[in-house]
Amino acid sequence: MAYFDAASTEPLHPQAREALIAALDAGWADPARLYGSARRARMLLEQAREEIGAVLGARADEVSFTSSGTQAVHLGVLGALAGRRRAGRRLVVSAVEHSSVLHAAALHERDGGTVETVGVGRTGRVDAGAFGAAVRAEGTALACLQSANHEVGTVQPVAEAAAACAEAGVPLLVDAAQTAGRLPLPGGWSVLAASAHKWGGPAGVGVLVVRKGTRWRGPLPEDERERRRVPGFENVPAVVAA
């Protein structure tokens with residue numbers, strides 16, 4: 001069979017399947033507890049965090065696991081906007097962002113914020129100059145740009161956008177779901193979201209990375225797990241497989 005829908009999801013990689021089955025026995029316990037099986041689960045969780053952080057060019061303590069890439073995007077967008085509320089209530093997005101970004105932007109608008117959408121050319125590529133000009137406008141709290149488009153595959157000018165954001169003092173959120181694990185990620189971003197089932201891991205594991213020094217405030221009720229960014233019990237076997 002020739003499979004052409006990897007932008008949506010990939011089949012579970014054989015090594016991920018082996019890791020998942022092994023972790024079902026070794027990583028079933030609560031990683032927040034102190035007894036032996038819990039400590040093993042915590043060790044597996046933190047080892048996976050270090051490995052994924054290394055692939056994404058991030059520190060382990062910047063990485064949190066979510067229940068999906070969509071949840072990672074929602075928490076990333078809304079948390080960064082909440083953390084930057086004093087700077088302004090203006091959000092900049094490209095016109096071809098994933099629906100998870102656009103839905104978070106719509107919620108921001110309903111809450112009284114504003115959203116500027118930057119258009120794209122015939123190939124689906126955002127104009128880096130127009131994006132930079134939008135970011136420099138007063139009151140911009142956050143900018144969002146995908147690393148590559150999920151429908152036509154266009155690779156976006158993330159490095160140029162990141163440079164414009166750095167110059168303007170605005171954090172950049174990159175939805176890297178389509179390139180994480182496939183292409184090198186440009187630097188300069190402040191928040192990143194990814195999804196394990198796009199690279200051959202199991203569904204139900206998203207990755208949220210918040211750089212040290214980035215102002216971020218959780219938009220959900222606080223929970224002691226995942227550095228107080230993501231509520232709920234960690235799915236350690238699935239994270240290990242990811």
**Prompt:** Which residue, chosen from His103, Gly153, Ala58, occupies the Cα position most advanced towards the positive end of the dipole of the chain, where the dipole is computed from +1 (Lys, Arg) and -1 (Asp, Glu) charges on Cβ about the Cα centre?
**Reply:** Ala58
**Prompt:** What ranking, highest mean first, results for peptides 39-49, 175-185 when packing means the other Cβ atoms within 10 Å averaged over each residue?
**Reply:** 175-185, 39-49
**segment 1-81: radius of gyration over Cα atoms, expressed as a fraction of 2.2 N^0.38 Å** = 1.33
**Fill in**
In Å², rounded to a whole number, the accessible area per residue of the chain with probe 1.4 Å is 48 Å²
**Message:** Return the Rg/Rh ratio of the chain with Cα-based radii and a Kirkwood Rh.
**Reply:** 0.98
**Request:** Calculate what fraction, in whole %, of the accessible area of segment 134-206 sits on carbon and sulfur atoms when a 1.4 Å probe is rolled over the protein chains.
**Result:** 53 percent
**Request:** Rounding to the nearest 20 debye, state how big the charge dipole of the chain is about its Cα centre with +1 on each Lys and Arg Cβ and -1 on each Asp and Glu Cβ.
**Result:** 580 debye
**Asked** How far, in nm, would the chain grow between Arg211 and Ala6 when pulled straight, counting 0.36 nm per residue and subtracting the alpha carbon separation?
**Response** 71.0 nm
**Asked** Taking the Cα atoms of segment 153-204 alone, what are Rg (to one decimal) and Dmax (as a whole number) in Å?
**Response** 12.2, 38
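From the helices alone, meaning DSSP H stretches of at least four residues, give me the mean residue ellipticity at 222 nm for the chain, per-run term -39500 (n - 2.57), in deg cm²/dmol to the nearest 500. Let's see the in-between values first.
Numbers: 7 runs with 87 residues, N = 242.
Taken over the chain, the calculation gives -11500 deg cm²/dmol.
Given the alpha-carbon gyration tensor of segment 115-242, what are the semi-axes of its equivalent ellipsoid in whole angstrom, ordered largest first, with each equal to the square root of 5 times an eigenvalue? Present the calculation step by step, with values, prior to reporting the outcome.
Values: eigenvalues 147, 79, 25 Å².
Working through the eigenvalues yields semi-axes of 27, 20, 11 Å.
The values are calculated or read from the model by the stated rules, or taken from the named source; none is laboratory data. These numbers come from a predicted model, not from an experiment. As a convention, Cβ positions derive from the backbone with ideal geometry for all residues, glycine included, and neighbour counts pool all protein chains shown. Side chains are part of the model used for accessible areas, which takes the heavy atoms of the whole protein and leaves out ligands, DNA and RNA. Shrake-Rupley method; radii C 1.70, N 1.55, O 1.52, S 1.80 Å.
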